[in-house]
Amino acid sequence: MDIFGQLFLNSLQISAAYILFSLGLTLIFGVMKVVNFAHGEFFGLVLLLIAIIVPWLNSPALPLALTYAAAGAVSILATMACGWFLYHFAFKKFQRDMVGSFVLSVGLSLLMQGLFLEFFGGVPVKLPDLIEGNLHILGGAITTQRLVLTLIALCVAVVMCWLIAATKLGKALRAVSEDHEAAMLQGIPYRRIALYGFLIATFLAAIAGALLAPVTVISANVGSDFLIKGFIAIVIGGLGSIPGSIIGSILIAVIESVGGYYFDPSLATLGMFVITMLVLLVRPKGIMGNG
Amino acid sequence: MVSAKTSVVSVLALSLIALIASLFAGTGFAASLVIWVAINILLAASFRFVQLIGELNFALAGFVGLGAYISGICTAKLGLPFAIALMGAAVAATLLSLIVGFITLRTKGPYFMLISFAFTEVLRMIYTQIEYIGGNSGMIGIFPPALFTDYYPTLVVAIVLVLVLVLYKLEQSDLGKVLVAIRNNDALVQTVGINVHLTKVLCLAISSFVAGIGGALLAHANNVISPGDFSFLLAVYTLAYIKVGGESHIAGPILGAAVLTLLAQVAMGFGPYEHIFYGSAIVIAVLLMPDGLVGIIRKSLGLAPRAQVAARH
């Protein structure tokens, strides 16, 4: 087996999930200047809901793919409703207040994790495989379902980048994150755009969760591991920068798969931290951060 | 306003009461409770000290852990006296904070927050990899000095009182004024010839010195430490104390730590609701009482609200 092909495939899988996750984090930061510690909880909520719905729906009469699709759709909608609720009753009051909103999201994250543990229990769940079989490409092996899910995730990421780069909403989002007062002077409705930004970010976390459902061992605190990596990715890339978050995610994914293969996973995490420190020494606001 | 003299007298009186009360705590559950409240007050005061420059220092948990492990190695592995363990813990935490602070305090706001958070998690992971200190399962047999076996709570309360008082005095000193000025406008401080970066590093080092001692006291109170005790959650709980108590005055973290630590014991009586308890405490405090218990007390006494500690970027 070709090691480089295998490592490339591994990095690709991991980075697809991280990109979706950190795109959401950086979007919320850009638009609302909120570092959302509870972002991982949206991701976790989708996974846990799917873990409840899929076994409940699963029957021989219904194809597994349809079960997953239905469960995914319901869970994503429920999570976005949860995001909408939190935006209106909590985050809206703390826009552009970095410390206050961070403290709030830390509290929310802790509270949600406690509730998850209470309602879903502490036993990890593994759902049935969506698609069986393995593929051999580029000299490496990958399960068919992982490849399909990775490709879908990359497609979502590309569509999202197109949306931000080319559409009117995307332009408004970028204008607001660059200078929200100037954007308001141009007639961009800041409040509505902030809500859209928050919901899009929630959707990205939710869809990342839904896509990982068939391949992840699901437990109540599944979000926190992703959260730390996502934070490191956007700090390296530069808070609020879309290309930065993608570069950061890819870097983190490569370190994780290569470091995890040659050394061990905890050394890879240590390596990420050292690299983050080095990047911050040279560029205190991340690779793509300005100012 | 309360005059300076009455407040000094009342602080001394309260300290004396706390010390005398701790003498009767013995060695049972009451003793543990006294120690936990005291150490949590110390950690909250340490966390708040870095808030003076407007930063949230989640590396606190990392420095507490370092202090705990260093002091544990000193007494349990090397058989050194407790005093040396205490100093060793403080010095180790200070030295590491000087290095880490020098690099990370070039950043500020969310960057510093996230890096300090990552620092804590990385340190915790390193502990799990070292066999000498017990790896994942942790270290056992860290006992307080024989001389103080019965009066360990009093020793802890005394050390905490001294350190909190020192932090308070520092806050009132010229250094404290510079720190608050950095929070309000660091460029302005730079223009009058003060080295902002080194002052920030000094602030973190002082806070970490205290955190290291807190860790040493904690390790000798619990007798057992494991990497899981020093995850970022420790810093998040500390943040909850400050938010509930109020951050505008040093009484806030003291009040918050005492109230929440005792309430948490009640909540623990119903089941494993630690996450929900602290999570909702933070959310309620942030949403409903922005200046914490201290703010509510000041309002009911008819005093003017003081400026918020955490800068709004």
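The values are calculated or read from the model by the stated rules, or taken from the named source; none is laboratory data. Note that this is a predicted model, so its numbers are computed, not measured. Glycine also receives a Cβ, built like all others from the backbone with ideal geometry; neighbour counts cover every protein chain displayed.
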> Counting just the residues of the range A:246-265 that are within 13 Å of chain B (Cβ to nearest Cβ) and either touching a strand residue (DSSP E or B) at 6+ places or on another chain (Cβ under 7 Å) or of a type outside the set (Gly, Ala, Ser) (or both), which one comes out farthest from A:Leu204 (Cα to Cα)?
Replying inline: A:Phe263
> Hey, among A:Gly114, A:Gly107, A:Gly100, which residue is among the small types (Gly, Ala, Ser), within 28 Å of A:Pro214 (Cα to Cα), at the interface with chain B (Cβ under 7 Å from one of its Cβ atoms) and in a helix (DSSP H, G or I)?
Replying inline: A:Gly114
> Can you tell me which of B:Leu80, B:Leu114 is crowded, with 23+ Cβ neighbours inside 10 Å and free of Cβ contacts under 8 Å to residues at least 12 places away in the same chain?
Replying inline: B:Leu114
>> Against the definition (closer than 30 Å to B:Pro110 by Cβ, within 14 Å of chain B (Cβ to nearest Cβ) and in contact (Cβ under 8 Å) with a residue 60 or more places away in the chain), how does A:Phe120 come out, yes or no?
In response: no
> Which is over 21 Å from A:Lys126 (Cβ atoms) and more than 11 Å from chain B (Cβ to nearest Cβ), of A:Ala210, A:Ala201, A:Ala206, A:Ala268?
Replying inline: A:Ala201
> For the range B:222-232, does any single residue satisfy the condition of being within 13 Å of another protein chain (Cβ to nearest Cβ), under 27 Å from B:Met289 (Cα atoms), under 16 Å from the mean Cα position of the chain (by Cα) and at pLDDT 90 or above?
Replying inline: no
> Considering only helices (runs of 4 or more DSSP H) fully contained in the range A:154-266, which possess at least 2 residues that are touching a residue at least 60 places away in the same chain (Cβ under 8 Å)?
Replying inline: A:168-178, A:190-212, A:222-237, A:242-262
> Of everything in the range A:278-291 that's surrounded by 17 or more Cβ atoms within 10 Å (Cβ to Cβ) and part of a helix (DSSP H, G or I), which residue is nearest to the other protein chains (Cβ to nearest Cβ)?
Replying inline: A:Leu280
> Looking at the range A:236-268, which of the residues that are crowded, with 24+ Cβ neighbours inside 10 Å and hydroxyl-bearing (Ser, Thr, Tyr) is farthest from B:Met125 (Cα to Cα)?
Replying inline: A:Ser245
> Under 7 Å by Cβ, and 6 or more places apart or on different chains, what pairs join a residue from the range B:267-278 that is more than 8 Å from chain A (Cβ to nearest Cβ) and assigned to a helix (DSSP H, G or I) with one that is at pLDDT 85 or above and surrounded by 13 or more Cβ atoms within 10 Å (Cβ to Cβ)?
Replying inline: B:Ala267/B:Phe277
> Of A:Ile228, A:Ile232, which residue is surrounded by fewer than 24 Cβ atoms within 10 Å (Cβ to Cβ), within 13 Å of chain B (Cβ to nearest Cβ) and within 24 Å of A:Pro284 (Cα to Cα)?
Replying inline: A:Ile228
> For the range A:77-91, does any single residue satisfy the condition of being at the interface with chain B (Cβ under 9 Å from one of its Cβ atoms), in contact with a helix residue (DSSP H, G or I) (Cβ under 9 Å, 6 or more places away or on another chain) and free of Cβ contacts under 8 Å to residues at least 60 places away in the same chain?
Replying inline: yes
> Limited to the range B:96-123, what total is found for residues that are of a type in the set (D, E, K, R) and within 7 Å of chain A (Cβ to nearest Cβ)?
Replying inline: 2
> What number of residues in the range B:104-114 are in a helix (DSSP H, G or I) and over 16 Å from B:Thr199 (Cβ atoms)?
Replying inline: 4
>> What's the number of the only condition in (1) hydrophobic (A, V, I, L, M, F, W, C); (2) surrounded by fewer than 20 Cβ atoms within 10 Å (Cβ to Cβ); (3) at pLDDT below 90 that B:Ala181 fails to meet?
In response: (3)
>> Quick test of your reading of the structure: B:Ile53 fulfils all but one of (1) under 21 Å from B:Leu161 (Cβ atoms); (2) in a loop (DSSP other than H, G, I, E, B). Name the failing condition by number.
In response: (1)
